[in-house]
Amino acid sequence: MAILIGPLQDNLVAIIISWFFGFIGTIANCYVIGKSIRTYNTKLKNYGVTKVHTLLIINLAIADLCGALYLIIIASGDRYYAEHFNHIYLCIFRNDCFNATNIWLLSPGCSAARFFAMLGSYIPACIMLFISIDRYICVVSLDSRNRLSLEKVKIMITLSWLVGFGIAAASVARSLQLFEPGNFRIFTNVCFFSNLYDEVFQVLAICGLVIIIFVYLITMGLYISIIIHIRRARHLVLSFTKASTTRTNVETRLSIITGFLAVTNLISWLPSLLLFITQNADVPFVKSYLGYHISVVGYMLYISIPALIQ
């Protein structure tokens, strides 16, 4: 039986992650988008609050869908090129040939994957921040004049998508400009950053990680503030059993959400942060065969977890 080798170079863990999280993430986010759009178009009593929150959820699901589509493209591309251009990747995998061209990097699929990957990295972080701000204002600052109106949220979301499209387009253009025909490194084949040593990609990577970590900390801080506020309010109404029970249930749910977001986001961006540091520090292990494969798995987690969980 012939060995089929594609751009992922038979990295079984990366292949499984791509297919599983891509397939589940696509179905789950499409379901959320459809259900949220029906909710958004329904006339509800709390028009302002419901419309704002639902619009944010719709955009978060769309952004997460971009990450899921990226995984589907990578998995499909690996399978397609393994079946139709196996001789190229098998030859490189066995170190039996030279002067081969990595046609996958110039394909529309790789460019589309890179574009979706950028959107799936930046946009969800911004939307998560907007959601936490909206929840904080609604729970803690009930009389605040700075409550997010539907018009304000639309402007914020539009600006976020415009910035995301700009970053994604710049990444695709720069990757095509830096194309190396003989570059078959597996980390390059996942169509995110074509060269981590390039100054443009280093800026994009640093900005991306800073934004994600910053949003992570702010989001956790806002949810913790909401929990503290609810806990203090609960003590003020202890004489009312029903109110106290309701507050306790809300506090418990928010505590679970906060803990869940903290753990999943940490698992998501921490491997990528360590990868970026070790890559720029020229750690020998990262350049080894095993190091490359572990790096790809860590990067896949960076895209996969938000695509499925957020």
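No lab work stands behind these numbers, since they all come straight from the coordinates. Given the structure is predicted, the values throughout are model-derived calculations rather than measurements. Don't worry about glycine lacking a Cβ; one is built from the backbone with ideal geometry, like all the others, and counts go over all protein chains shown.
Here the Karplus relation 6.51 cos²θ - 1.76 cosθ + 1.60, evaluated at θ = phi - 60°, turns the backbone of region 21-35 into coupling constants of 5, x, 5, 5, x, 5, 5, 5, 6, 5, 5, 5, 4, x, 5 Hz, with x for every Gly and Pro.
The simple Förster model, with R0 at 25 Å and r as the Cβ-Cβ distance, assigns Thr158 and Ile218 a FRET efficiency of 0.75. The dipole here belongs to region 115-168: it is taken about the Cα centre, uses +1 on the Cβ of Lys and Arg and -1 on the Cβ of Asp and Glu, and is about 60 debye.
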